[in-house]
């Protein structure tokens, strides 16, 4: 019986050595890429209710930029969950979170910001923002820095009465912009072809 135990121990030892022994690695799960904005977490049920507490963002480029700014941005960060994608595959702004925000809303699409968005997994990084519907929820924003191109629907900036500074790059006709009459800070508007 003792011989059987030694043979079993030897066989087990040979098996461990053949399989790599102490060199065997336990594969650790890959951590989620902190820069990937399109992670595979379950989406909250949508559309969210009550509807009066949320604002649909129809422009994918705008919606994904808002999500990026609330989750991955290191400067001009928006409050977490201010804009989210729901199970109906649409993006919504949570009105009470947006309304409480009073800083800078940064939505410029220059070469550096497009690179940051692409590196974070934003699928619409190179797409222009063409519809500003939803921004009216940010009623206390003091500075708006934005790149827009070929706006599909005119946006009335006076819906954000707290804007003091507006910096915009656009290829649109400047006469069609509805700018707030009470703008107290600088108005910097550049026009020309959309060239991120």
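The values are calculated or read from the model by the stated rules, or taken from the named source; none is laboratory data. Just so we're clear, the structure is a prediction, and the values are computed from it rather than from any experiment. Backbone-built Cβ (ideal geometry, glycine too); neighbour counts: all protein chains shown.
For this structure, a couple of remarks:
- Among the residues of region 157-173, none is identified as loosely packed, with under 15 Cβ neighbours inside 10 Å, at pLDDT below 80 and closer than 22 Å to residue 69 by Cβ.
- Selection count where residues are within 14 Å of the chain's Cα centre (by Cα) and part of a strand (DSSP E or B), scope region 102-116: 3
Here is a yes/no grid of residues against (1) surrounded by fewer than 19 Cβ atoms within 10 Å (Cβ to Cβ); (2) at pLDDT below 90; (3) not in a loop (DSSP other than H, G, I, E, B):
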position	(1), (2), (3)
118	yes, no, yes
175	yes, yes, yes
182	yes, yes, no
185	yes, yes, no
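- Flag if residue 123 is surrounded by fewer than 18 Cβ atoms within 10 Å (Cβ to Cβ) and modelled with pLDDT of 90 or more: yes
- For region 38-58, the condition of being under 13 Å from the mean Cα position of the chain (by Cα), modelled with pLDDT under 95, at negative phi and surrounded by 10 or more Cβ atoms within 10 Å (Cβ to Cβ) holds for at least one residue.
- The one condition in (1) farther than 22 Å from residue 153 by Cβ; (2) without any contact (Cβ under 8 Å) to a residue 60 or more places away in the chain that residue 82 fails to fulfil: (1)
- Looking only at region 132-154, and only at residues there that are part of a loop (DSSP other than H, G, I, E, B), crowded, with 20+ Cβ neighbours inside 10 Å and out of contact with any helix residue (DSSP H, G or I) (no Cβ under 6 Å at 6 or more places or on another chain), the one that is modelled with the lowest pLDDT: 132
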